[in-house]
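Beneath this line is the structure, given in structure tokens, with notes to follow.
Every read-out reported here was derived from the displayed coordinates using simple, explicitly stated rules and does not represent laboratory data. None of these values were measured; they are calculated from a predicted model.
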Amino acid sequence: MRRDAAWHARISRVLSGALRVWGVPGTVTRDPDDPDGFVIAPNTGLAMRVRHQAPAGWTVTLRDSVSGAQKTPLGRHAGLPGLLRRLREDLAPDAPAGRLVIGAQPLLGRDSGGR
């Protein structure tokens, strides 16, 4: 299922914000090979490919730093909380758990100004 630009922007902000909260310097970009995917590239270590495949959820794989090809599958997660937990465990194992709050309303695409 192809997502719109607003969805990509929201998910990118969530992933980028998570990196900041965990103290992981790096970037989050759209995956050039997958319209519903992202590449998380920490400044040190291997990049991760995060793909959303409805209805299965999110998949995470390590990417080869030279070719960009998928290298190692890391798991599948039904929702964002599980995905973020997995990313924190892999990218920032010493970061405290439970410090990230995701507002469900913006992620569902509701307009908060319409109340």
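Extension gain for residue 97-residue 53 works out to 13.2 nm (0.36 nm per residue, less the C-alpha to C-alpha distance).
Which shape class, rounded, prolate or oblate, goes with the range 5-93 when its Cα gyration tensor gives a ≥ b ≥ c as root eigenvalues, a/c under 1.5 marks rounded, and past that a/b bigger than b/c marks prolate? Rounded, since a/c falls under 1.5. Extension gain, residue 10 to residue 72: 0.36 nm times the residue separation minus the Cα-Cα distance gives 19.7 nm. Taken one residue at a time, the phi angles of the range 42-55 give Karplus couplings (6.51, -1.76, 1.60, θ = phi - 60°) of x, 4, 10, x, 7, 6, 10, 9, 10, 10, 9, 10, 5, x Hz. Gly and Pro are set to x.
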